[in-house]
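Structure, as structure tokens:
Values quoted throughout were computed directly from the atomic coordinates according to the rules given, and no laboratory measurement underlies them. A quick note: this is a predicted structure, and the numbers were derived from the prediction, not measured. Every residue, glycine among them, receives a Cβ derived from its backbone with ideal geometry; neighbour counts consider all protein chains shown.
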Amino acid sequence: MLEWGFNMSDVMGFNLPERSVSELSQDIKAMMEDGFSYLRVRGEVGRVSRPSSGHLYFDLKEGPAVLSAVCWRSNVARLAEQPVEGQEMILTGRLTTFPGQSRYQLLVDSVEIAGRGALMAALEALRAKLQGEGLFDPEHKRPLPFMPARVGVVTSPSGSVLRDIIHRMRDRFATPITLWPSRVQGDGAGRELTHAIRGLSRMVEDGHELAPDVVILARGGGSFEDLFCFNDEELVRAVAACPVPVVSAVGHETDVTLVDFAADLRAPTPSAAAELVFPLGEALAKDLSRASARMDRLLQQRVHQMEQRLDYAERFLRGGAQRLAQAQTRLQQATRRLDRAPGQSSRNAAQRLALAGKRLTPGRLLERHNSWSRHLVALGRRGDQEIQRRVHDAGERLVHLARMMEVMSHRNVLARGYMIARNEKGDVVTLSQIEGPSFWLEDAGGRAEATIIKKA
């Protein structure tokens, strides 16, 4: 009988140690996690699934190769970018296995758009260049006008940003708007925005009737790519060179673009920009009222001071006449004593009296009295002129304040096409404050009774 040199049971692996499925899965899991502890993978995002659990499941593919990826609910909200199907992205995370289906998958910690690193480096280089030229220096920032006659707005005419700005404007002081429509994202948006800023700048320089006193550059929130047109170098230079203050209101409060550095003021949102630019009518009326009262007090104080000065001058004139009469009396008394004095003493006394008489003649005293009188009359005339000038200036200021209050009056606002609602008592109310079905609508032409059919 032929004898073989090996055992058939060994060849078939019968002597290998046995492992359970769980043990094998755990060994594979340990080997994969040890070999691929933390890594970055680049590829195209495939299908994206967002179940009710809050977890995020998607695929990363390149050609026929597909990598399953999962981001747990606790980390989804912290992702800087959300995966978008068809977009090339870079995933960072840990490779592990899913024993339930004998699959491996990537546990995602962060998601970024492929190529953004180079883009951010170029953006930082541009920022440093423009800062080195002084375009972002704080001393170049200009304050906003207290009450602009016209406001320029550069934004998309079809978005909600323009509606938000107009809504805030209507709630405050109704200032005219010059809208320069422009795209705010996509190819060519940077050139359009630059053209808009430069167009408004030319209107200011040419003295155009629609030229603004301040410009709002606005856009709603969006992704890094959506807002990238606001980093255009020519746009940043146009904002810095604008002859009137520019308010940047691009994206949300956390979004930062280069125009934010070049603008005179950055607002966190377009609505906040409108609140900064358009003055509050009620507050303005209170300021004017306080200014008018202060002018009245200052005018009264000045008039009182001038009256006191004139009264003092009058008392001084009366005192001069009294002193002249007293001097004449003393001269007459001395003359009489001289007539009664005998001999040399009489002659000496006469000489002294004659010398004193030369100094105290009525003519010289009258001359001094007339000189003081002329001086005091001139002083009175200057006082009268000063009072008249002050009263005239105060009157002009009060007329100016009255004109401003008239411009802000609700009648002028109604004349521009607005309407107000009043209840049965005549009080101004909003639609939500109307209790009954009927109320009154008032415009510049009068009022009419209205009935609420349905509140939306």
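Here are the numbers for the structure shown:
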read-out: Kirkwood Rh (inverse of mean 1/r, distinct Cα pairs), the chain, angstrom; value: 32.3
read-out: Length released on extending from Leu210 to Arg191, taking residue separation times 0.36 nm less the Cα-Cα span; value: 4.6 nm
read-out: Shape category assigned to region 61-182 from the gyration tensor of Cα positions, a/c cut at 1.5; value: prolate
read-out: Sites Val21 and Arg78 - FRET efficiency at Förster radius 51 Å, r taken between beta-carbons, to 0.05; value: 0.90
read-out: Rel. contact order, % - alpha carbon contacts under 8 angstrom, at least six apart, the chain; value: 9
read-out: Region 22-114: projected area of the alpha-carbon convex hull, averaged over directions, in nm²; value: 6.3
read-out: Mean Cα-pair separation over length for region 159-314, i.e. relative contact order, pairs under 8 Å, 6 or more apart, %; value: 24
read-out: Estimated inter-spin distance, His252 and Arg336, nm [label 7 Å along Cα→Cβ]; value: 10.7
read-out: Computed lengthening from Lys129 to Asp393, 0.36 nm per intervening residue step minus Cα-Cα distance; value: 89.9 nm
read-out: Virtual spin-label span in nm between Asp384 and Arg142, 7 Å along Cα→Cβ; value: 4.8
read-out: DSSP-defined beta bridges in the chain - what % are antiparallel, rounded to 5; value: 65
read-out: Charge dipole of the chain about the Cα centre (unit charges at C-beta), most positive-ward option of Ser68, Pro99, Ala262; value: Ala262
read-out: Estimated FRET transfer efficiency when R0 is 35 angstrom, pair Asp427-His167 (beta carbons, to 0.05); value: 0.90
read-out: The chain, helix-only ellipticity at 222 nm - DSSP H runs n ≥ 4, -39,500 (n - 2.57), divided by all residues, nearest 500; value: -16000 deg cm²/dmol
read-out: Simple spin-label estimate for Gln305 and Leu280 in nanometres, 7 Å along Cα-Cβ; value: 3.5
